[in-house]
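Okay, structure first, notes after.
Each reported figure results from applying straightforward, stated rules to the coordinates on display, with no laboratory input. Predicted model, so just to flag it, every value in this text is computed and none were measured. Note that each Cβ is placed from the backbone with ideal geometry, even for glycine, and that neighbours are counted across all protein chains shown.
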Amino acid sequence: MRTRTLWTATGIAAAVVLAGAVAVPLLGSTPVASAPVPSASATRSHVAPAVPNVGAAALAALPEAQYSAVIGGLMPFDRTITSDTVFQLRADAPLFGAARTTPVARFAATDFLRQPTTVVGVERDGDWERVLTPARQQLPSAAGGSAAAQTSAWVPVASLREVSTPTSRVVISTTDQSVSIVSSDGGAVQRFRAGVGTADTPTPTGVTGYLEQRYVDPAQGTGDHPIQLTSLHSSAADEPYGGHDGGLIGLHWNATTSGAVSHGCVRLDAEAVAAVDALPLGTLVTVE
């Protein structure tokens, strides 16, 4: 993706211009689990490891798990889920990989828009919550051409404050080239046509991410329609459109809303963007 950075008066990057269709934010640069666990309330039968103490200096030295980061210690998350629990952070929090012995990254309490970071929990294990993250675990170029589109990590439950439980989710069908808003009982509430990725720059499938943030930036060619940023990344290319933003996948307005036409993002008309914009951050986004 070809991008450029837009800075606020305080020097915080607000958004990125993606030529033509794809739109993502930029701060400095766009899985294999055990048996599926249906929700954050599910608890394993074994004894969970104790949560290590992480001092303030050690925490501050960790890389931030934000959308343009690549952090090898994160866990790939190559599956779909249908329910989650949404949290915010009490303060910056350490993120742990599968071993849960040494932190590999940190979640900042506020995101790139200086708003409370949205954290999506998918599994509870004692004093731990497995959460989805907006960072990458590996670039496709370093993984033989295919990498996880979504990552996860363990975070201490004590770092989290529950804020909501979404009552619906977004389902993107690359085969039908559609976006559906699905209720908690599985019924489609609304369905819209959509433009999806081409064969060379496909929208990743068989995975669930979440609505991470949203913002309006007319300079990106999306008018006054809010760009819906997800935690998903291109699984086939580091930067499908050039640039250095991490290959993020977004749902956004475009005049062309059908066909395999994008570099991985999902193109929607104004009505569809408004429907997704009405959903809370943390809403699950599954691509089939």
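Annotation: peptides 152-158, 100-106, ranked by per-residue average of other Cβ atoms within 10 Å with the highest first, follow the order 152-158, 100-106. Annotation for Ala188 and Ala50: the two label points, set 7 Å from Cα along the Cα-Cβ direction, are 5.2 nm apart. Label sites at Thr256 and Ala142, each approximated as a point 7 angstrom past Cα along Cα to Cβ, lie 3.3 nm apart.
Stokes-Einstein at 37 °C, 0.692 mPa s, Kirkwood radius from Cα pairs: D for the range 65-204 in µm² s⁻¹? If you can, show how the numbers build up before the last one.
Working: Rh = 16.5 Å.
For these conditions, the coefficient is 199 µm²/s.
The stretch between Ser173 and Asp224, if pulled fully straight at 0.36 nm per residue, gains 15.8 nm over its current Cα-Cα span.
The Cα trace of the range 159-255 gives Rg and Dmax of 14.6, 42 Å, the first to one decimal, the second as a whole number.
Classify the range 228-288 from the C-alpha gyration tensor, please: rounded if a/c falls under 1.5, else prolate or oblate depending on whether a/b exceeds b/c. It would help to have the intermediate numbers written out before the result.
Working: a/c = 1.99, a/b = 1.32, b/c = 1.51.
Because a/c hits 1.5 or more and a/b fails to exceed b/c, the range 228-288 counts as oblate.
Under the criterion of Cα pairs below 8 Å and six or more residues apart, the relative contact order for the range 53-122 equals 36 percent. Between Ala57 and Ala91, the FRET efficiency from the beta-carbon distance, with R0 = 22 Å, is close to 0.95.
Rank-order 117-124, 261-268 by packing density, defined as the average count of other C-beta atoms within 10 Å over each peptide's residues, highest first. It would help to have the intermediate numbers written out before the result.
Numbers: 117-124: 24.0, 261-268: 27.5.
Taking the mean over residues of other Cβ atoms within 10 Å, the ranking is 261-268, 117-124.
Show me the ranking of peptides 130-138, 271-279 by mean Cβ neighbours inside 10 Å, starting with the highest. Mind showing how you got there, number by number?
Values: 130-138: 24.9, 271-279: 17.4.
Going from most to least packed, we get 130-138, 271-279.
In this simple spin-label model, placing a label point 7 Å from the Cα along the Cα-to-Cβ direction at both Thr165 and Ala109 gives a separation of 2.7 nm.
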